[in-house]
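Engineer: Mind looking over this structure? Questions follow.
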Amino acid sequence: MIRKLENKIEKQIKAQNCEQKPNRPCRSLAVPAERTAMEGSSESSRAARFSRPLMVLPLQSFPEETFWDALRRLKLDVLGTDDSPLPITAPQACNLLKAARRIIVPPSDNSYGNRNDCPVPGTLINTNNMRGFQNLDRDLLLKAEAKKILDDIISGKVEEDPSLLLRFLVISFADLKNWKVYYNVAFPSLIFNSKMTLLSLQSASKVLSEEEATSLYNSLLEWRASNTKTTVVPFFLISISSKLCASVRHLKDWNACQGNCQKLLFGYYDHGSKGDKVKQDFPGGALRNYIAFLNIRWKIDKVQFFCYREHRGMPDLEHSLIGEASFSQPDGWDDPDYVPEAIGWEGEKPGKGTKEIEPKIANLESINPVSQDNEKQLMHLKLMGWRHFPVNIDKLSSVRVLLLGAGTLGCEVARLLMTWGVRKLTVVDSGYVAAPDLVKQSLYIDKDCGLPRATAIIPRLKERCPAVEVEGIKMEIPMPGHPVSPSNMASVLDECKHLETLVASNDAVFLLTDTWESKWLPTLFCANQNKIAITAVLGYDSYLVMRHGAGLGIIDEVVTRMDDLNTTKDALERQRLGCCFCNDSASLSITNGILDQHATALPGLTSIASGKAVELFARMLHHPDEIYAPGDIAGMDTEHQLGLLPHQLRGSLPKCVLSTELGGSLSNCAACSSAVLSEYRRKGLDFVMQAINYPTYLKDLTGVIDLKRPDDYPKMPAIIPVNSEKFSDVRCLLVGAGTLGCDVARILMDCGVRKLTVVDSGRVVVSNLARQSLYTSDDRGAPKATAILNHLSERCPSVDAQGIQMEIPMPGHPVSPNEAAGVLEDCMRLKELVASHDAIFLLTDTRESRWLPTLLCTDENKIAITAALGYDSYLVMRHGAGPGTNCEGSNVDAAMDKLSTKDALGRQRLGCYFCNDVVAPVDSVSNRTLDQQCTVTRPGLASIASGRAADLFTRMLNHPDGIHAPGDIAGTSGEHTLGLLPHQIRGSLSQYNLLTLLGYSSSHCIACSNAVLSEYRRRGMDFVMQVINEPTYLEDLTGLTDLMKSANFSQVEWVDESDEDAFVEI
C-alpha cells in the first residue's frame, strides 16, 4: 500500500461525500452498443455522477511462508545456478494475491471450485546473489510484463483466459545459507497517454432493483457452484434480461450477449478493503487493465463495471460496487513495437522511483529447526550438484557403516563420513582415551581421558551432527597368531560371533585398527558376506588406502567341496580385486609386526590418509557397480564426474608421490582366497578359532611356505630426530579459522607448536559443524576466533593461543570515507601481527583476502604457507623469501634501488601465491553464486590439503636454509633427512595425481614484485588504502596493463594459479 496515495484518496472521497447527496438506486441497466455499454438508460441520471480521475486500490501480495520455503528448495535442489525467469501461478483470493507453496506447480483440477484458488499467471526472477537482485532494472522488467498483457489483449488470449490481465512479477534473492528471502512484487497496471475517468460509483445494492439483486445473487451462487471451472475466472460478464433475470457469462460469450436488448455489466472479483469504510468505496486495482482490454479489444469507450465482492464465501452486494468509467482509445497501441508504460511495484513511493524500493524479507529460520539444522549440514553436498556432481544424499544417509578402530584414523574418518552425509555409524574399539592422544585424535577432549573410546566418541559426533545415529561397542577383535587360554575361549568366541553379526548388519566396513593381524577377521567376514571394505594403513611417512574386492560369486549356500569355490571371479564374472592381505605374504603369527602405530606417524599423515579413504568410499558408493567396480589407474580416461575409482592408493610424504595400483585376488591369500573361504563356510567359527590358536594353520591351508613381508608396504623406520624446542618456540599466525584453519591448528599442535594466533571474522554456524573439525553445537553464533581457543586448550592445555576477530582488508573492496579509519586500523593491526610471528598460514575464504598478508610477509621476510581448495583439487605452497632489504629513515630511496628478484642468500626468489596472476584481485564474492561463495569441495579434500600444508611447514622449519630453501621436484634426490621440500604441491581427487611445481618471483607480481614492495616501503599504508579503493591500480603499477595491451600478449600462455573456478578457498 502506498501511504501518501491512500491519504490523497481518503481526502478526495471525503470531499465527494460532502458535495454529493444520496441518489435513488438505478432501476435499469444500459444496453451495450458499439462504442458504449452505458447508453440509453433512462434512469442513469439518478445515479451518483461525478467526473474525476479513476483511482483504485492497489493489489497486494500476501506470500505464505511455505511458498518461500518451496522456492528455497527449488533453488537448492533443481534450479542451481539457473536464474532465468520462471513461469509460476498464484491463487487470487479476491484480488489479494496469496503466494502459497503450490504456485511452483500449475493448478490442478481439484483447485477449481474454490474462489481462493483462482490461478493467476506470473513470472518469478530469482537471482543468484544480492548484488544481482539489487542491480535488476525494475522499470524495464515491469514494462516487459506490461507488454505481455497488451499482447494478450490484442491477440484475444484474454477472452479465453481472463486471468492474463492479472499477471504479476516477483523478483527475489533466496539467501539459502541464512534461510532468508529478499523479494519485491509487482502487479503491472497499463498506463497510456489517454486517461481513465470515473463517472459514477455506488453500492450494487443501491443501483440494482430488488428483483435484479435477487436474481444476480442467485446467479452468482449458481456460477460459483457450477462444475465448469467458473470460480477460477476473475473477469466475467453480467447480463440482465428484460425480465430482470441475471446470468453470469464468460468473456468469450461477448458476441452472443449483444442484441436482444440484454443489459451488461463487466464484472470482476474485487478485494475491496474489509474493515476500512473509506477504502471500501474504491474499486480494486484489477479494474485498470480490465478497462484497457474492453477499449482496445472491443472498442468500448464507456464501461459500466461491477466490482464483485464476497463475505465468507457468499456474494456481498452491499459492499460490491457498480460504476461507470470512460477511456478514450490511446494512440500507438497497435504498433508491434509499442511498449506501454506501467506502474505496480509494491512499496514504490510517488516521485521516488523504483530504485528507492526497499526489499521485503521472508525469514524462514522458524521452519522446523531440527530438520533445518540437518539440511544446513547437507547444503554443501547439494551445492556440489549445481556445477559438478549430483550427490545421492538419500543413499549416503541410509548406508550403514562399521568403523573398526576409534583412534587417530577412526576419529577423522567418522567425522568426514558425516560431512559426506552418512548418518548411521557403528564404532568398535577396545582402547581408552589417553592425554597424549588428544592432539592426534581429532574428536576427543581432556574430559574424555580414561573413558573407552567407543563410548567417548558418541557425544563428540552428535555434538557436531545431532542427526547422526551412533552406536559404540567396546570390544577386542580376535586375531590369528594370538592363542587364547581355555578360560578365555568362550569370550573370544562371543567376540567373533558379535563381529560376524556386525559385519552382516552393515553395508560397509572401515578397517582402521592399530595392528595388521587385527584386520584379518573383518577382512574374512567382508569377503564372505560381500561387503564393501576400506583399509587405511599408516607408516611413519607413508600410507596405504585401498578398497577390497568383491567376494566370491557363490555365496548362497554352504559349500563342502573346495573345488566349488576354486575361482577368482566375482558374481559379475569379473576378476576379483585383492584384499589388504593379497599382496601380503607376511606371517600373521609375527606379533611384533605392527605396521601402523599412530603415535610414530608423521603429523598430517592421518589427515591425508583419512581424506583419501573417505573419498574412495564415496566414489565407490556412487559407482553403478559399487563393490564390483573395476580398478582404475591414474592416467586413465573416465566419464564419471567424481573421476577415477582406483583399487589401491599409496603415498609418501618425503618423496611427494602418489601412486594408484591394481592387484587381483590371490589364490593363496590368507583372508579372501577360495581355500580360506571354503574352510570358513564349512567349519564356521571353529575355523576362526583354529586360525587364532595355531599360528601356522593359515600357512598350511593356503599352501604358502616362505612368508615374507613385501618391500612396498609402509614401514616404521627408526624415528628421525626433530628439533622439538624449535617447534615449541615458533610463533604461528593462522589467517582463517574455517575448515582448513581448524585442521591446520590441530595438526600444528601435534607437531609440537605451542604458540598460535588465529584471525577470523566469521561466526560458527550449523553448516560448519561437520566440516570444521574443532567446533561443536555449543559454539553456534560464537566468533570462530574465540570459539577455537577453548577447543585447542581442551586438546593441549600447554598451548598459548590467542584469537582475534577482524576482517582482512582486501583490494577490490572499496571503502567509504566513514569506513576508512576502521579499515586502516585493521591494516596496521595485521602488519603488527605479521611482524610479531615467525610463520603465517593463509587459509582465508577468498583470493583477494590473501593479498595484504602476502605483501606483509614478503616485506618482513616471513614464512608464508598458502592452502587453497577447488571442488576436487587443491594447492599447497610456500611463498618465497623477501628481498631481505629493510628500509629505514633516509635510506628508503637507496634501499628501493637495491631490491631485486634474489633473496638475502643471493638465490633466485621463489614466487608467491600471486606470481602467475595477470589481473589484480577484485571482489570475488558479491557477484558470485552460492556454490562459488561457499565451501563446495569434496569433503575429504580439506583434510588432505591441511595435512600437506602442516607437513610442508615442518619440512621448511627443519631445513637448514629455512625460508631460503630452494624448491625440490618429485623424482629428484633430496639430501635432507626429512625428504623433499617442494615449492608447490597440487593434487587432484578425480585424477589421483600429485604434482610438485617450481616457480620464481615475477617482476609483474601484484604482491611481491619490486615495484609493489618499493611503493609500499615508500608510502606505507597510504599505498595499501589506494590498492583497496582502486581495483586497477596494481595492474598499472606492475606493468600488467601495458603487458595485456602489448601485441605479444595474445601469444603468451598464462597459467593462473589462483583460478577461482579451480580453487574455491576455505
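Engineer: Can you tell me which of (1) assigned to a helix (DSSP H, G or I); (2) modelled with pLDDT under 95; (3) closer than 21 Å to Val922 by Cβ is the one Glu794 doesn't meet?
Structural biologist: (3)
Engineer: Related question: What residue, of Gly971, Gly999, is more than 19 Å from Pro809 (Cβ to Cβ) and open to solvent by 40 Å² or more (accessible area, probe 1.4 Å)?
Structural biologist: Residue meeting the stated conditions: Gly971.
Engineer: Answer yes if at least one residue in region 931-938 is in a helix (DSSP H, G or I), touching a Lys or Arg at 6+ places or on another chain (Cβ under 9 Å), open to solvent by less than 20 Å² (accessible area, probe 1.4 Å) and modelled with pLDDT under 90, and no otherwise.
Structural biologist: Checked region 931-938: at least one residue is in a helix (DSSP H, G or I), touching a Lys or Arg at 6+ places or on another chain (Cβ under 9 Å), open to solvent by less than 20 Å² (accessible area, probe 1.4 Å) and modelled with pLDDT under 90.
Engineer: Collect the residues in region 312-342 that are over 49 Å from the mean Cα position of the chain (by Cα), under 21 Å from Leu165 (Cβ atoms) and not in a loop (DSSP other than H, G, I, E, B), keeping them in residue-number order.
Structural biologist: Within region 312-342, Leu321, Ile322, Gly323, Glu324, Ala325, Ser326, Phe327 meet the criteria.
Engineer: Now for a separate question. Evaluate the following for Glu807: is it part of a loop (DSSP other than H, G, I, E, B), open to solvent by 40 Å² or more (accessible area, probe 1.4 Å) and either of a type in the set (A, V, I, L, M) or assigned by the TED database to the domain that holds Asp1022 (or both)?
Structural biologist: Here the answer is yes, as Glu807 does meet what is asked.
Engineer: Still on this structure, please answer the following. Can you tell me which residue among Gly332, Gly323 is in the same structural domain as Leu294 (by the TED database), out of contact with any Asp or Glu (no Cβ under 7 Å at 6 or more places or on another chain), open to solvent by less than 10 Å² (accessible area, probe 1.4 Å) and of a type outside the set (D, E, K, R)?
Structural biologist: Going through Gly332, Gly323 in turn, the sole match is Gly323.
Engineer: Go through region 849-866 and give me each residue that's in a helix (DSSP H, G or I) and touching an Asp or Glu at 6+ places or on another chain (Cβ under 7 Å).
Structural biologist: Within region 849-866, no residue meets the criteria.
Engineer: Suppose we filter region 983-1011 for residues that are closer than 22 Å to Ser873 by Cα and outside any loop (DSSP other than H, G, I, E, B); how many remain?
Structural biologist: Residues that pass the stated criteria total 10.
Engineer: Sticking with this structure for a sec: Before we move on, is Phe282 more than 30 Å from Leu76 (Cα to Cα), modelled with pLDDT under 95 and not β-branched (Val, Ile, Thr)?
Structural biologist: For Phe282, the condition - more than 30 Å from Leu76 (Cα to Cα), modelled with pLDDT under 95 and not β-branched (Val, Ile, Thr) - is met.
Engineer: Can you tell me which residues in region 480-516 are in a loop (DSSP other than H, G, I, E, B), open to solvent by 50 Å² or more (accessible area, probe 1.4 Å) and not charged (D, E, K, R)?
Structural biologist: Answer for region 480-516, where residues must be in a loop (DSSP other than H, G, I, E, B), open to solvent by 50 Å² or more (accessible area, probe 1.4 Å) and not charged (D, E, K, R): His482, Pro483.
Engineer: Within region 750-770, is even one residue under 20 Å from Thr606 (Cβ atoms) and in a helix (DSSP H, G or I)?
Structural biologist: Checking region 750-770: at least one residue is under 20 Å from Thr606 (Cβ atoms) and in a helix (DSSP H, G or I).
Engineer: Among the residues of region 338-350, write down those that are modelled with pLDDT under 90 and open to solvent by 90 Å² or more (accessible area, probe 1.4 Å).
Structural biologist: Scanning region 338-350 gives a single hit, Lys349.
Engineer: Output the residues belonging to region 124-144 that are over 20 Å from Glu356 (Cβ atoms) and more than 25 Å from the chain's Cα centre (by Cα).
Structural biologist: Of everything in region 124-144, just one residue is over 20 Å from Glu356 (Cβ atoms) and more than 25 Å from the chain's Cα centre (by Cα), namely Ala144.
Engineer: Go through region 754-767 and report how many residues are open to solvent by less than 10 Å² (accessible area, probe 1.4 Å) and free of Cβ contacts under 8 Å to residues at least 40 places away in the same chain.
Structural biologist: Count: 1.
Engineer: Here are some conditions: (1) part of a loop (DSSP other than H, G, I, E, B); (2) modelled with pLDDT under 85. Pro603 meets all but one. Which one does it not meet?
Structural biologist: If we test Pro603 against (1) part of a loop (DSSP other than H, G, I, E, B); (2) modelled with pLDDT under 85, just (2) comes out false.
The values are calculated or read from the model by the stated rules, or taken from the named source; none is laboratory data. Just so it is clear, the structure is predicted and the values come from calculations on it, not from any experiment. Positions of Cβ are backbone-derived with ideal geometry, glycine not excepted, and every protein chain shown enters the neighbour counts. Heavy atoms of the whole protein, side chains included, go into the accessibility calculation; ligands, DNA and RNA do not. Shrake-Rupley method; radii C 1.70, N 1.55, O 1.52, S 1.80 Å.
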